[in-house]
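Chemist: Starting off with a structure, shown below.
The values are calculated or read from the model by the stated rules, or taken from the named source; none is laboratory data. Just so we're clear, the structure is a prediction, and the values are computed from it rather than from any experiment. Using ideal geometry, Cβ is built from the backbone for each residue, glycine included, and neighbour counts are taken over all protein chains shown.
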Amino acid sequence: MDLVRIDLERCDWTSRLRPAKRYLLGFILGALALAPSSLGQAPGQDASILSPPNVPSGPTGGIKPSQAADDTFFEIVFSGGPLGVGIMIALILMSILAMYLVIDQWLTLRRKDLIPNELNENVRQLLSQGKLKDADQACRSQPCPLSYVLASGIAEIEYGWPAVEKSLEDALAEQAARMYRKLEYLSVIGNLAPMLGLLGTVAGMILAFREVALSQGTAGAGQLASGIYSALITTVAGLLIAIPSLGAFAVFRNRIDEITSEMATAAQQAFGPIRRRLPGGGGTRPTAVPPPRG
């Protein structure tokens, strides 16, 4: 008997979602491109995010209180000078990536696509009838994580239940790692965004107090406050990105753990009819230990 295990590339169960993801990313980028005109542009003003606001000359180069009240949204966001603008652009790119990853995981981690009930029942019936090649073909015809796990076990049937069980555990761990692969980027963004925002704040505070020192204390409280509030904007932006990113990471991580557990149960049920007929069939239920998470 020569059963060939399903190739990982042929088991790319996310390929059918790629067109939808491309359209989704285009929609996100288009919405962000239109955002300046809808959020930050007042009548008769230019909404270019890279154009610095009209900052009067003074000891600190700050914004007068009367002018700060009239600032548009994007003038406030990009009021931190060249360094602040660079950090804000980096944070905006990170927010786009985080939004894409959240929607990507929401579209991908659906139980009906990852663990089809009809596939599990079909393979179970074929195995109970001894139709190993038909069961293997059923897995190949419906690529998904469950089909990869089942096909991995079918390929080891001739070596007895211990080999089948080991193959199922390895396949479960591999599929869990594939599902975690993109999700880890959400954790990275959630931890990196506030640190990047804090970098912008600290740099802005240094520059603000430097101007106070150069003016020998003649800078007023209003001028100092304008420099400080501009520096704090990057920290706020970093936190606004980090909080939902870490929340989504926790939700999807638990979802992957649940799906992995359900796949282990489905594999146990599928091989149940022939388990006792295989050498060493008194083994325990296969379980998958998810890869370590940072």
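Chemist: Within the set of pairs 6+ apart or on separate chains, which have a first residue in segment 252-280 that is over 20 Å from TYR180 (Cβ atoms), a second that is modelled with pLDDT under 90 and basic (Lys, Arg), and C-beta atoms under 6 Å apart?
Modeler: Sorted first by the residue in segment 252-280, then by its partner, the pairs are GLN268/ARG285; ALA270/ARG124.
Chemist: Which one of these is surrounded by 19 or more Cβ atoms within 10 Å (Cβ to Cβ) and either of a type outside the set (A, V, I, L, M, F, W, C) or in contact with an Asp or Glu (Cβ under 8 Å, 6 or more places away or on another chain) (or both): GLN105, GLN129, GLN142, GLN137?
Modeler: The conditions single out GLN105.
Chemist: Among the residues of segment 194-214, are any buried (at least 18 other Cβ atoms within 10 Å of the Cβ), polar (S, T, N, Q) and within 21 Å of GLN105 (Cβ to Cβ)?
Modeler: Looking through segment 194-214, none of the residues is buried (at least 18 other Cβ atoms within 10 Å of the Cβ), polar (S, T, N, Q) and within 21 Å of GLN105 (Cβ to Cβ).
Chemist: Which one of the conditions (1) modelled with pLDDT of 90 or more; (2) in contact with a Leu (Cβ under 6 Å, 6 or more places away or on another chain) does ALA203 fail to meet, given that it meets all the rest?
Modeler: (1)
Chemist: Tell me, please, whether a residue that is of a type in the set (D, E, K, R), modelled with pLDDT under 60 and part of a loop (DSSP other than H, G, I, E, B) can be found in segment 68-84.
Modeler: Yes.
Chemist: What are the residue pairs meeting all of these: first residue in segment 101-123, first residue β-branched (Val, Ile, Thr), second residue at pLDDT below 85 and not in a helix (DSSP H, G or I), Cβ atoms under 6 Å, and 6 or more apart or on different chains?
Modeler: THR108/THR14
Chemist: Could you say whether any residue in segment 175-183 is within 14 Å of the chain's Cα centre (by Cα), more than 21 Å from ASP134 (Cβ to Cβ) and without any contact (Cβ under 8 Å) to a residue 12 or more places away in the chain?
Modeler: Yes, that holds for at least one residue.
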